[in-house]
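Everything on this sheet refers to the single structure shown next.
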Amino acid sequence: MSSTQFDGDIDSFVSYLKSNRGLSANTLKAYRADLTACLHLFELRGVTDLNEITLDDLRSWMAVESRDHARSSMARKTVAVRGFFAWAYEHGLTTTDPAATLMTPSIPSTLPAVLTESQAEQLLDVAEHAVATNQYKDDGGAAAAPGSGKAAGKTADKSADTVNRSEAPARADKRDNARVTAESQRNAAILELLYATGIRVAELVSMDIADIDFSNRTIKVTGKGNKQRVVLFGLPAQRALETWLEQGRPVLARTATDAVKSRAANALFLGARGGRIDQRIARDIVHRAAREAGVPDISPHALRHSAATHMLDGGADLREVQEMLGHSSLKTTQRYTHVSIEQLKNRYGQAFPRA
């Protein structure tokens, strides 16, 4: 990231947002990058004082940025710049607020992608089947070991070095089988939890074991701006989580180094090396599961959309869905009513004889 002579002002503004607005670390990082890029452009044009920047300059900046960025990105950049200059004016860094009338680019209203209820059920059924298919029970290798039962007498006279050579690959196979089973259990639990609760992928990967209350079937979720909410989940999600915690998680936890293990000691979901799972892996799990289930390719956020839409279709109140999703504005939640109406139109057109 390029540095500018205005970095001190940007730092002060970001600190102000962190203290007074409670924005998430990712949002603060994005705002900092947006402001640095904007002010760096003006610095290249010879600007040495914030008071030199005019509304026309800001419109010119928007024209340059819009060549390479989507409208949604430009909307965020404009909010960041407008907030910065409002703060600068209020704190006496500028004599005017050149961004006061800077317009935010309009974003086309698009309906979120969702699965049908049958597709969601198919996705979760395939994940559950994968757990059953990959199920591996460590019974000490008695069922598979060539030296068990009647065969023991025939193999007892083998030399020790031959036995040792054959045991090493067997142990490796056992570990691999256990790991595959553990990852299947983890993946099923992730899919069930995402769909059951509608949580964001960032909320999922930051979750700790202590956030789950099995007695009430609730989870404590820390959302945007560190706002916390409690969300219910159903019996299928409970079963998947219990299987993961009791059987799968200990297997992956054993693969971690001491340093990684200490950092991920409380993490609900682990990666293949025993550390806290990251968002990229969680997204890959959902995409891969969709392919295997033969349903439309979706992201974790699409499962969130699907959960909200299916709740509304089932008769849930809009406020209840807002609370579950952690939306600060009811307007955001209302998008899902449009999805439900679109699905109703499609069903009406297909089923009603006078449609």
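Couple of notes before you dig in:
- Taking all protein chains together and rolling a 1.4 Å probe, Asp57 ends up with roughly 50 Å² accessible.
- Leading residue at positive end of dipole, segment 1-80 (Cβ point charges), from Ala63, Leu23, Phe13: Leu23
- Label point at Leu232 placed 7 Å out along Cα→Cβ; residues across segment 292-322 whose backbone nitrogen lies under 18 Å: 307-322
- Computing FRET efficiency as 1/(1 + (r/R0)^6) for Thr133 and Glu320, where r is the C-beta to C-beta distance and R0 is 35 Å, gives about 0.45.
- Taking 0.36 nm per residue of separation and subtracting the current Cα-Cα distance, fully stretching the chain between Tyr16 and Arg254 would add 81.4 nm.
- Contact order normalised by residue count of segment 238-302, Cα under 8 Å, 6+ apart, percent: 21
The values are calculated or read from the model by the stated rules, or taken from the named source; none is laboratory data. Please read these numbers as outputs of a predicted model, since none were measured by experiment. Note: ideal-geometry Cβ built from the backbone for every residue, glycine included; neighbour counts use all protein chains shown. What goes into the accessible areas is simple: the full protein's heavy atoms, side chains included, and nothing from ligands, DNA or RNA. Shrake-Rupley method; radii C 1.70, N 1.55, O 1.52, S 1.80 Å.
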